[in-house]
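Enquirer: This structure is in structure tokens; I'll ask about it shortly.
The values are calculated or read from the model by the stated rules, or taken from the named source; none is laboratory data. In this text, all values refer to a predicted model and were calculated from it rather than measured experimentally. Counting neighbours? That spans all protein chains shown, and the Cβs are built from the backbone with ideal geometry, glycine included. Areas reflect the complete protein model, heavy atoms only, side chains present, ligands, DNA and RNA absent. Shrake-Rupley method; radii C 1.70, N 1.55, O 1.52, S 1.80 Å.
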Amino acid sequence: MNYYFAPMEGLTDSIYRRAHHRFFGGVDRYYMPFFSPTVHRALTSREIRELPKADSVSFTAVPQVLTKCAEDFLWAAEVVRDLGYEEINLNIGCPSGTVVAKGKGSGMLRDLDGLAQFFDHIFAAAPLPVSVKTRIALENPGEFPAILELYNRYPIQELTIHPRVRKQFYDGQVHREWFTYAVEHSKNPLCFNGDIRTIADIDALQAQYPGLNAVMIGRGLIADPGMLVGGTDIHTLEAFLNALMDDYEVEFASCRNALFRMKENWAHLHDRFGGSDRLWKKMRKTTDAAEFRRLSAELLHTCPMVSPKFFS
């Protein structure tokens, strides 16, 4: 089974991916947070930073694209191909209200005829393999058989299924029964995404679906970055977090922006430490980088690690 790190906006950026691979690893592919091509046919400076040449890093990364325009997707695929990547991922899963309102992300599931036309176009001309990350429906899980039947018409490199509907966002139970339906009926290789918190969760998935190609882990891996290599050691975690802070301060030339990124990570990490609420509250409020570092170290060394809580 392959292990993938989910694309998470504001969390798994290029700095995070490099640091995670350096200190922990265990990941077969890091999927990048999406970029959205436009009619201007040019990458922004941020997108250029987040899309380095594939051979400039020592791990496998996969760019993800968010668009409903086939021509824009194909332009992005050409760019990605020219940078040396061997796969491009299409986002049909994002539940954001602004994204869905524009008919992108999981909003594409509202119009299956339009999605079929989009697929006809991109699969006829894409210069490299296309994988897809999807939800099971926009509102009603019962819509999924028709959605899967559509996916089965196309040579999708790998179909990652987050078995929630869009209106759930990341709350409530995943609809595991519909992933089982996909295992029984999909013509494309599958990857499971959603509510993977521990190695035991992965083992249970593998036992239930022996032929499962891959799992994609997001918040659970942020909260336990060493999950795939035997667990998260405190000293390694501290070195990892210090390296992140150092690199963010250099990259952004701003302590404020570096703190913002670090707080995003700690929002998922702090639940792993018993009795950490008081220190985490102080970390959230501080605007001083030195104080943030001091509070982080205090939390790491005075609050015991506990079993993961619920992560979606």
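Enquirer: Those residues that are out of contact with any Gly (no Cβ under 7 Å at 6 or more places or on another chain), in a helix (DSSP H, G or I) and among the small types (Gly, Ala, Ser), I need them from the range 37-69; list them, please.
Expert: Filtering the range 37-69 down to residues out of contact with any Gly (no Cβ under 7 Å at 6 or more places or on another chain) leaves 37-52, 56-65, 67, 69.
Keeping just the survivors that are in a helix (DSSP H, G or I) gives 45-50, 56.
SER45, SER56 - these are the residues of the range 37-69 that are out of contact with any Gly (no Cβ under 7 Å at 6 or more places or on another chain), in a helix (DSSP H, G or I) and among the small types (Gly, Ala, Ser).
Conditions (1) under 17 Å from LEU109 (Cα atoms); (2) in contact (Cβ under 8 Å) with a residue 12 or more places away in the chain; (3) open to solvent by less than 40 Å² (accessible area, probe 1.4 Å), marked per residue:
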{"position": "PRO155", "(1), (2), (3)": "no, yes, no"}
{"position": "LEU159", "(1), (2), (3)": "yes, yes, yes"}
{"position": "TYR170", "(1), (2), (3)": "no, yes, no"}
{"position": "TYR181", "(1), (2), (3)": "no, yes, no"}
{"position": "ILE196", "(1), (2), (3)": "no, yes, yes"}
{"position": "ALA200", "(1), (2), (3)": "no, no, no"}
{"position": "ASP203", "(1), (2), (3)": "no, no, no"}
{"position": "TYR209", "(1), (2), (3)": "no, yes, yes"}
{"position": "LEU212", "(1), (2), (3)": "no, yes, yes"}
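Enquirer: Can you name the number of the only condition in (1) under 19 Å from LEU212 (Cβ atoms); (2) buried (at least 20 other Cβ atoms within 10 Å of the Cβ); (3) of a type outside the set (Asp, Glu) that ILE88 fails?
Expert: Against the list (1) under 19 Å from LEU212 (Cβ atoms); (2) buried (at least 20 other Cβ atoms within 10 Å of the Cβ); (3) of a type outside the set (Asp, Glu), ILE88 comes up short only on (1).
Enquirer: With the requirement that a residue be within 21 Å of ASN89 (Cα to Cα) and touching a Pro at 6+ places or on another chain (Cβ under 6 Å), what does the range 195-218 give you?
Expert: ASN213
Enquirer: Let me ask you something else. Take the residues in the range 70-97 that are in contact (Cβ under 8 Å) with a residue 40 or more places away in the chain and in a loop (DSSP other than H, G, I, E, B); name whichever of them is farthest from ASN2 (Cα to Cα).
Expert: So, considering only residues that are in contact (Cβ under 8 Å) with a residue 40 or more places away in the chain and in a loop (DSSP other than H, G, I, E, B), the one farthest from ASN2 (Cα to Cα) is PRO95.
Enquirer: Would you tally the residues in the range 18-52 being touching a residue at least 12 places away in the same chain (Cβ under 8 Å), of a type in the set (A, V, I, L, M) and surrounded by fewer than 14 Cβ atoms within 10 Å (Cβ to Cβ)?
Expert: Here the count works out to 1.
Enquirer: So for the range 259-274 (the condition being assigned to a helix (DSSP H, G or I), open to solvent by 60 Å² or more (accessible area, probe 1.4 Å) and closer than 22 Å to ALA19 by Cβ), does at least one residue qualify?
Expert: yes
Enquirer: Can you tell me which residue among LEU241, LEU279, LEU221 is of a type in the set (A, V, I, L, M, F, W, C) and touching a Leu at 6+ places or on another chain (Cβ under 6 Å)? Break it down into steps so the answer makes sense when it comes.
Expert: Values: LEU241 fails: touching a Leu at 6+ places or on another chain (Cβ under 6 Å); LEU221 fails: touching a Leu at 6+ places or on another chain (Cβ under 6 Å).
Matching residue, one of LEU241, LEU279, LEU221: LEU279.
Enquirer: Let me ask something else. Out of the residues in the range 128-148 that are more than 20 Å from GLU87 (Cβ to Cβ), surrounded by 15 or more Cβ atoms within 10 Å (Cβ to Cβ) and charged (D, E, K, R), which is farthest from the chain's Cα centre (by Cα)?
Expert: Looking at residues that are more than 20 Å from GLU87 (Cβ to Cβ), surrounded by 15 or more Cβ atoms within 10 Å (Cβ to Cβ) and charged (D, E, K, R), I get GLU143.
Enquirer: Looking only at the range 6-24, filter to residues that are within 20 Å of ASP195 (Cα to Cα) and touching a helix residue (DSSP H, G or I) at 6+ places or on another chain (Cβ under 6 Å); which one of those is modelled with the highest pLDDT?
Expert: Going through the qualifying residues, I end up with LEU11.
Enquirer: Please state which one of GLY97, GLY105 is under 23 Å from the mean Cα position of the chain (by Cα), open to solvent by less than 20 Å² (accessible area, probe 1.4 Å) and not charged (D, E, K, R).
Expert: GLY105
Enquirer: Turning to a different aspect of this structure: Look at THR160 and say whether it is over 17 Å from the mean Cα position of the chain (by Cα), outside any loop (DSSP other than H, G, I, E, B) and among the β-branched types (Val, Ile, Thr).
Expert: no
Enquirer: So, one more: From the residues in the range 275-312 that are open to solvent by 50 Å² or more (accessible area, probe 1.4 Å) and closer than 30 Å to VAL215 by Cβ, which one is nearest to the chain's Cα centre (by Cα)?
Expert: PHE310
Enquirer: May I pose another question? Can you name the condition, by its number, that GLY114 falls short on among (1) among the small types (Gly, Ala, Ser); (2) part of a loop (DSSP other than H, G, I, E, B); (3) surrounded by fewer than 15 Cβ atoms within 10 Å (Cβ to Cβ)?
Expert: (2)
Enquirer: Regarding the range 58-74, can at least one residue be identified that is over 24 Å from ALA182 (Cα atoms), of a type in the set (Gly, Ala, Ser) and crowded, with 16+ Cβ neighbours inside 10 Å?
Expert: yes
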